[in-house]
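The values are calculated or read from the model by the stated rules, or taken from the named source; none is laboratory data. Quick caveat, the model's predicted, so the values are computed rather than measured. Positions of Cβ are backbone-derived with ideal geometry, glycine not excepted, and every protein chain shown enters the neighbour counts. Please note that ligands, DNA and RNA were not included when accessible areas were found on the heavy atoms of the full protein model with its side chains. Shrake-Rupley method; radii C 1.70, N 1.55, O 1.52, S 1.80 Å.
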Amino acid sequence: MGHHHGHSHGHGHSHSHTNNKKALLWSFILIASFMVVEVIGGLLTNSLALLSDAGHMLSDAAALGLSFFAIKLGERKASSTKTFGYKRFEIIAAALNGLTLILISFYIFFEAYHRFLNPPEVQSVGMLSISVTGLLVNIVAAWILMSGDKDDNLNVKSAFLHVIGDMLGSVGAIIAALMIMFFGWGLADPIASIIVAILIMISGWRVIRETFHVLMEGTPRHLDLDIIRKSLQSIPHVRDVHDVHTWSLTSELPMFSCHISMEAEGNHDQILHQAQTILHDEFHIEHSTIQVEHIEKGCPSKHGTCN
């Protein structure tokens, strides 16, 4: 019987990691700079749509900064006390970003409620010019983040959703400003805010749900354990695959472990090599731990059986 641990990182992962850092850093600088302008503009024009958008932009800056810090922290090497290093902090950062999206939504709902009761005067021209500028800034920030790995990296995805939510906020503020400018409809301001808040809340909930799945060591959504087990059982002289576990350290680093029972005539090293090749080539699992045992001797568990 034997035990093997395999771990490899390709050039593609390193390239994606570098792109993520650059995208987050430049987006942070852009968003943080304009946030100051939008806060001042929201106060001067007395627009909730602008102030809520500025509040969301503040969370964007914090989210982007936190995401960038998480990636930098994740670069620290593993130690005897943290054998996986600090990569899991990227998921924690994504969860915090998702939570702030929810909290911001509740705050916008609260402010909008009071504005329905007592609609204030809003300077539509100033509101329109600032919100248009905000939209352009968010479009640039979203374009920068698209150069990162927003589809597979939850940390970058959560930051990207912050920016998209802010972009929607700018669109809502523009529509509200036009409604006030041409029709004098002051309620357009809180109504636009509520619509944006609902969209932000949906995005936040999706991020929290995905990060919770990762933190609970759930099976990565792109992997099917039954298919993996059948592929490993197709190896010659493999009788059974059991005690199978798969989880992810971060959204882009799946982990895998299992026990493989082989027949007496099987070659331990050959089976181990084939199993590692299948996991890497077919399922893109680069970090796996496999225990190979002879079927007649059974699993060497202290409890007499494996899970």
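Quick one: which residue in HIS245, HIS237, HIS280 is on the phi > 0 side of the Ramachandran plot and at pLDDT 90 or above?
Working: HIS245 fails: on the phi > 0 side of the Ramachandran plot; HIS280 fails: on the phi > 0 side of the Ramachandran plot.
Every option except HIS237 fails the conditions.
Every residue in the stretch 128-186 that is in contact with a helix residue (DSSP H, G or I) (Cβ under 8 Å, 6 or more places away or on another chain), of a type in the set (Phe, Trp, Tyr) and under 17 Å from THR45 (Cβ atoms), please.
Passing the criteria: only TRP185.
Identify, from the list ARG239, ARG209, the residue that is open to solvent by 30 Å² or more (accessible area, probe 1.4 Å) and in a strand (DSSP E or B).
Details: ARG209 fails: in a strand (DSSP E or B).
Every option except ARG239 fails the conditions.
Evaluate the following for LYS230: is it open to solvent by 40 Å² or more (accessible area, probe 1.4 Å), part of a helix (DSSP H, G or I) and not acidic (Asp, Glu)?
Working: open to solvent by 40 Å² or more (accessible area, probe 1.4 Å): yes; part of a helix (DSSP H, G or I): yes; not acidic (Asp, Glu): yes.
So LYS230 passes the test.
Out of the residues in the stretch 113-153 that are modelled with pLDDT of 75 or more, more than 21 Å from MET35 (Cβ to Cβ) and assigned to a helix (DSSP H, G or I), state the one that is least open to solvent (accessible area, probe 1.4 Å).
Filtering the stretch 113-153 for residues that are modelled with pLDDT of 75 or more, more than 21 Å from MET35 (Cβ to Cβ) and assigned to a helix (DSSP H, G or I), the one least open to solvent (accessible area, probe 1.4 Å) comes out as ARG115.
Could you tell me whether the stretch 252-263 includes any residue that is assigned to a helix (DSSP H, G or I) and open to solvent by 30 Å² or more (accessible area, probe 1.4 Å)? I'd like the intermediate steps shown before the answer.
Quick first cut of the stretch 252-263, residues assigned to a helix (DSSP H, G or I) only: none.
No, the stretch 252-263 has no match at all.
Residue by residue through the stretch 264-282, note down the ones that are surrounded by fewer than 19 Cβ atoms within 10 Å (Cβ to Cβ) and under 15 Å from LEU225 (Cα atoms).
Within the stretch 264-282, ILE278, HIS280, GLU282 meet the criteria.
Specify which of the listed residues (LEU223, LEU279) is of a type outside the set (Val, Ile, Thr) and outside any loop (DSSP other than H, G, I, E, B). Walk me through how you get there before you give the answer.
On the way: LEU223 fails: outside any loop (DSSP other than H, G, I, E, B).
On inspection, the qualifying residue turns out to be LEU279.
Considering only residues that are open to solvent by 60 Å² or more (accessible area, probe 1.4 Å) and β-branched (Val, Ile, Thr), look in the stretch 3-38 and name the one that is modelled with the highest pLDDT. Talk me through it step by step, then tell me what you get.
Of the residues in the stretch 3-38, the ones open to solvent by 60 Å² or more (accessible area, probe 1.4 Å) are 3-5, 7, 9, 11, 13-15, 22, 25-26, 28-29, 33, 36-37.
With β-branched (Val, Ile, Thr) added as a condition, the list becomes 29, 36-37.
On the way: ILE29: 84, VAL36: 75, VAL37: 74.
Ranking the candidates gives ILE29 first.
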